[in-house]
Amino acid sequence: MPKVALHPRLLLAYSQVTDGNMDFRFGTPKEVRQHRQQFFATLKQNYRDAIEAAQIHFDRLLVLNSENGKMWRGMNVTGVDGFVTTEPSVIMMIRTADCVPLVLYDPAHHAMALLHAGWRGTVKGMATTGLARLVKEYQTDPRQVLVWLGPAARVCHLTFPEIPSEFEHELWQPYLKINFQSVAVDLIAYIKATLHQAGVKKSSMVDSHLCTVELPELFSHRRSQADGSPAGRLAVVAKLK
Ligand SMILES: [Zn+2]
């Protein structure tokens, strides 16, 4: 169960295959609840308190505060792919397997964003949407923001037989690697570049460098489709301290 030390005032961790699948679409309710219970217990948290994003590969976020944080506790929030908050009592969760889990943290305002950014969400601008939301809600200065890029399908394995029309815009050209029979997309480089253009320092971006497709200890949608590895999702859990 890797904990991520992005900042001492953040609890940030992701699960692995050994922690079990964390998504109700890939296991029985009893199993998934048990996996979540064990994983959250290692973080000294109660899985029943987690606020989960239902994730629709869009860029809509929910602002959590002390009021609605109570209302949403233990729920899976429809129609959102992430959260922003300054409220330490809320514990947030997303599920990923190849999509990019992203955390943005503003230490000056003790504000954070937890974002699920698959390639569709990234095309819609999820990373910079998250940053803009911190700026709007909490007057965050992008130059102070710390970023974590979690385990995801990297350019080594994020390939498509043909270029999806979403990537046809010329701004994607530097991030496409055309191979003999496929095209690879460097989502991570794109996310870093767009955040940097929006004011985040390159030195403030902490990249896990983990590729879900090649590491058997992580769930991967692509690997599971290719070789029948067990399907599932890992949980990424974040909370302000
Ligand atoms: Zn890879």
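The table that follows gives values for the structure above.
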{"item": "Residue that is more than 13 Å from the ligand (Cβ to nearest atom) and either over 26 Å from L61 (Cβ atoms) or of a type in the set (G, A, S) (or both), where the choices are S220, S204", "result": "S204"}
{"item": "Residue count for the range 150-178, restricted to those that are within 14 Å of the ligand (Cβ to nearest atom) and either more than 23 Å from the chain's Cα centre (by Cα) or not in a loop (DSSP other than H, G, I, E, B) (or both)", "result": "3"}
{"item": "Strands (runs of 3 or more DSSP E) fully within the range 69-149 counting 1 or more residues that are crowded, with 22+ Cβ neighbours inside 10 Å and among the polar types (S, T, N, Q)", "result": "82-85, 91-96"}
{"item": "Residue count, the range 116-170 (criterion: modelled with pLDDT of 95 or more and among the acidic types (D, E))", "result": "2"}
{"item": "Odd one out for A13 among (1) buried (at least 18 other Cβ atoms within 10 Å of the Cβ); (2) within 26 Å of L134 (Cα to Cα); (3) in contact with a His (Cβ under 7 Å, 6 or more places away or on another chain)", "result": "(3)"}
{"item": "The one condition in (1) on the phi < 0 side of the Ramachandran plot; (2) in contact (Cβ under 8 Å) with a residue 24 or more places away in the chain; (3) of a type outside the set (G, A, S) that D98 fails to fulfil", "result": "(1)"}
{"item": "Tally of residues being farther than 19 Å from A111 by Cα and among the hydrophobic types (A, V, I, L, M, F, W, C) across the range 68-96", "result": "3"}
{"item": "Unmet criterion (only one of (1) under 17 Å from K241 (Cα atoms); (2) within 16 Å of the ligand (Cβ to nearest atom)) for C99", "result": "(1)"}
{"item": "Residue among A231, A127 that alone is in contact (Cβ under 8 Å) with a residue 60 or more places away in the chain, under 22 Å from Q16 (Cα atoms) and more than 16 Å from the ligand (Cβ to nearest atom)", "result": "A231"}
{"item": "Single match in L210, L215 (criterion: farther than 22 Å from F58 by Cα, within 12 Å of the ligand (Cβ to nearest atom), in contact with a Leu (Cβ under 9 Å, 6 or more places away or on another chain) and at pLDDT 95 or above)", "result": "L210"}
{"item": "Residue match in the range 176-190 (condition: of a type in the set (S, T, Y) and at pLDDT below 95)", "result": "yes"}
{"item": "Enumeration of residues in the range 200-221 that are of a type in the set (K, R) and either out of contact with any His (no Cβ under 7 Å at 6 or more places or on another chain) or buried (at least 18 other Cβ atoms within 10 Å of the Cβ) (or both)", "result": "K201"}
{"item": "Restricting the range 1-47 to residues that are assigned to a helix (DSSP H, G or I) and among the β-branched types (V, I, T), the residue that is farthest from A231 (Cα to Cα)", "result": "T42"}
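The values are calculated or read from the model by the stated rules, or taken from the named source; none is laboratory data. Because the structure is predicted, anything quoted here is derived from the model rather than measured. Here the Cβ is made from the backbone with ideal geometry for all residues, glycine too, and neighbour counts use every protein chain on show.
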